[in-house]
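The structure appears below as structure tokens.
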Amino acid sequence: MNEKRMNTSISLKGKGSRVCRRCGSHRGLIRQYGLNLCRRCFREVANDLGFKKY
């Protein structure tokens with residue numbers, strides 16, 4: 001049984017499995033609408049994406 005466990009890869013679940021597609025950060029991730037950007041990167045590119053508030 002231990003041999004089976006040693007050969008399996010660890011499947012990432014939760015916050016550690018998702019990263020910002022621009023800077024690679026795990027923190028403050030905005031996943032809505034499939035953005036996958038951290039909040040800092042989102043503020044920089046929001047106007048280019050068509051968001052009007054920022």
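To keep it simple, each residue is scored yes or no on (1) modelled with pLDDT under 95; (2) of a type outside the set (Lys, Arg); (3) under 12 Å from the mean Cα position of the chain (by Cα); (4) surrounded by 13 or more Cβ atoms within 10 Å (Cβ to Cβ).
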residue: 6; (1), (2), (3), (4): yes, yes, no, no
residue: 15; (1), (2), (3), (4): yes, no, yes, no
residue: 36; (1), (2), (3), (4): no, yes, yes, yes
residue: 40; (1), (2), (3), (4): no, no, no, yes
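Taking interchain pairs and intrachain pairs at least six residues apart, which have beta carbon atoms under 7 angstrom, with the first residue in region 22-47 and in a helix (DSSP H, G or I) and the second hydrophobic (A, V, I, L, M, F, W, C)?
39/30; 41/20; 41/23; 42/30; 42/35
The values are calculated or read from the model by the stated rules, or taken from the named source; none is laboratory data. Please read these numbers as outputs of a predicted model, since none were measured by experiment. Every residue, glycine among them, receives a Cβ derived from its backbone with ideal geometry; neighbour counts consider all protein chains shown.
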